[in-house]
Amino acid sequence: MYIILYILLGFIAIFIILALIAPKKYHVYRSIEINKPISEVFQYLKHIKNQNEWSPWKKKDPDMTQEFIGTDGEVGFISRWVGNKDVGSGEQEIKRIYKDDVIESELRFFKPWKSQSDAYLRVEYLGDERTKVIWGFSGKNKFPFSIFMLFFNMDKAVGKDFDDGLSSLKYILEK
């Protein structure tokens, strides 16, 4: 009887320790330099519909269903999608736009699991014909999902998609 109790207490202790050391937040970002003026790059980026041309997730499911609400390129615009198992379902809403600086949006995922992240596309002036684009997102790992994040590298998983998307963006804007 005591052995079962000790085993149970051991599992509880391990679970508590994992919960304490599990990452509570995540932040993934990538950047690329584009040979175009900052205003031209920013004007293109602020329109969410343009992401269909360079988004790695649109490539993973070109047949995803999309719905758009509001005026693209303005605060409050929402892009909803329902896709295959690779892209799931969710929506992206533009929350803030600071001209020639940053577009901030909120990502709300519904499937394959519910989560919310803060996303951004930031531009930095590097010269008259050079702009740095930084694409990232961050959020909180809620318990018990946070324990799973001990064994899952969000930066490696999503970072590759960001790199692919930014490469496509560079190609589109520089052609």
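Results, tabulated for the structure shown:
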| quantity | calculated |
| --- | --- |
| Residue identified as in contact with a helix residue (DSSP H, G or I) (Cβ under 7 Å, 6 or more places away or on another chain), aliphatic (A, V, I, L, M), in contact (Cβ under 8 Å) with a residue 24 or more places away in the chain and more than 30 Å from GLU129 (Cβ to Cβ) among VAL41, VAL87 | VAL87 |
| Residue selected from the stretch 51-77 under the condition crowded, with 17+ Cβ neighbours inside 10 Å and not small (Gly, Ala, Ser), by the criterion farthest from TYR171 (Cα to Cα) | PHE77 |
| Helices (runs of 4 or more DSSP H) within the stretch 22-80 that include 1 or more residues in contact with a strand residue (DSSP E or B) (Cβ under 7 Å, 6 or more places away or on another chain) | 38-45 |
| Within the stretch 81-96, tally of residues that are surrounded by fewer than 16 Cβ atoms within 10 Å (Cβ to Cβ) and in a loop (DSSP other than H, G, I, E, B) | 3 |
| Answer residue from the stretch 123-137, given it is touching a Ser or Thr at 6+ places or on another chain (Cβ under 8 Å) and not hydrophobic (A, V, I, L, M, F, W, C) and is nearest to ILE103 (Cα to Cα) among those | GLU124 |
| Number of the condition not met by GLY127 [criteria: (1) within 29 Å of GLU174 (Cβ to Cβ); (2) among the small types (Gly, Ala, Ser); (3) in contact with a strand residue (DSSP E or B) (Cβ under 7 Å, 6 or more places away or on another chain)] | (3) |
| Yes/no for SER55 being touching a Lys or Arg at 6+ places or on another chain (Cβ under 8 Å), among the hydroxyl-bearing types (Ser, Thr, Tyr) and touching a residue at least 60 places away in the same chain (Cβ under 8 Å) | no |
| Some residue of the stretch 144-160 being touching a residue at least 40 places away in the same chain (Cβ under 8 Å), part of a helix (DSSP H, G or I) and β-branched (Val, Ile, Thr) | yes |
| Filtered residues of the stretch 111-142 (kept if part of a strand (DSSP E or B), charged (D, E, K, R) and more than 14 Å from the chain's Cα centre (by Cα)) | LYS111, GLU124, ARG130, LYS132 |
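Every number in this text was worked out from the coordinates using simple rules, so none of it is lab data. None of these values were measured; they are calculated from a predicted model. Here the Cβ is made from the backbone with ideal geometry for all residues, glycine too, and neighbour counts use every protein chain on show.
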